[in-house]
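Note sheet for the following structure.
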Amino acid sequence: MPRAGLCSRWGGRVLPLLLAYICYLLLGATIFQLLEKQAESQSRDRFQFEKLRFLENYTCLDQQAVEQFVQVIMEAWVKGVNPKGNSTNPSNWDFGSSFFFAGTVVTTIGYGNLAPSTEAGQVFCVFYALVGIPLNVAFLNHLGTGLRAHLTMLERWEDQPRRSQLLQTLGLALFLALGTLLILILPPMIFSHVEGWSFSEGFYFAFITLSTIGFGDYVVGTDPSKHYLSVYRSLAAIWILLGLAWLALVLPLGPLLLHRRSQLWLLGRGLGFKEGGAPETDGLPRPQKTPISA
């Protein structure tokens, strides 16, 4: 069947691309972890040493000592070390966090709260992004292409029975509702619960993330006072990829669903409209267009 063959060809293109996409993220996570984790540990240890020395000598500090300590804090913050807590804080470059960072690189979100600090890590990040960003765009474009190919099967929607038209419209509406629930409603609720945010803050984070704006004012898994699951940030990265893929599928559906709904409303009133806008009554033959000679 043509439709089955179309889906088979589309799946044959998307599945290898999806596999390559996931493998590329895993590769990036592994290399970022190897390049950056040791440097982060050294920066964390240095910061803890300076903080202890500050606490021991705070009664005799002068202006220069305070400035030096502030400089150490700023350097630690730039390298992703949170000044709060102690050296037992979770690493920003364990595998789960590295996978999360790799996802923000290829999706161009770039929160700005974490970046490679070693020269090798910075060089690798440049070349990783040069390959990963086009790969991400190609993957999302293939998803959109698959949906558009499916929508071409619905071009003769007006010629189908009303029951079929209603089922197709309800199916689209159900797809949008479930996607909204699983991508835009439940994740913000989970983030709000885990991070101690309000739901509006969780929804704000979800929107800023999936729109790839990525301000960096809210980032999951960065509070040193909380004990996160080791896979928490990896799951957040997977949510980002699924959310972007869902948006790539949904954006073309909005205008289509509004068009279908308006046509159903007109059909419910016993009216139908041709593409040219002329009304027609069910059961009567449609007039044929006669070309006008110049």
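The values are calculated or read from the model by the stated rules, or taken from the named source; none is laboratory data. Quantities reported herein were computed from a predicted structural model and do not represent experimental measurements. Cβ coordinates were reconstructed from backbone atoms using ideal geometry, including for glycine residues, and neighbour counts include every protein chain displayed. Just so you know, the surface numbers come from the protein's heavy atoms only, side chains and all, with ligands and any DNA or RNA stripped out. Shrake-Rupley method; radii C 1.70, N 1.55, O 1.52, S 1.80 Å.
Per atom type, region 16-82 shows carbon and sulfur on 63% of its accessible surface, probed at 1.4 Å. Taking 0.36 nm per residue of separation and subtracting the Cα-Cα distance, full extension of the segment from Leu186 to His227 would add 12.7 nm. Look at the dipole of region 16-82 built from charges on Cβ: of Tyr24, Leu52, Val72, the Cα furthest out on the positive end belongs to Tyr24.
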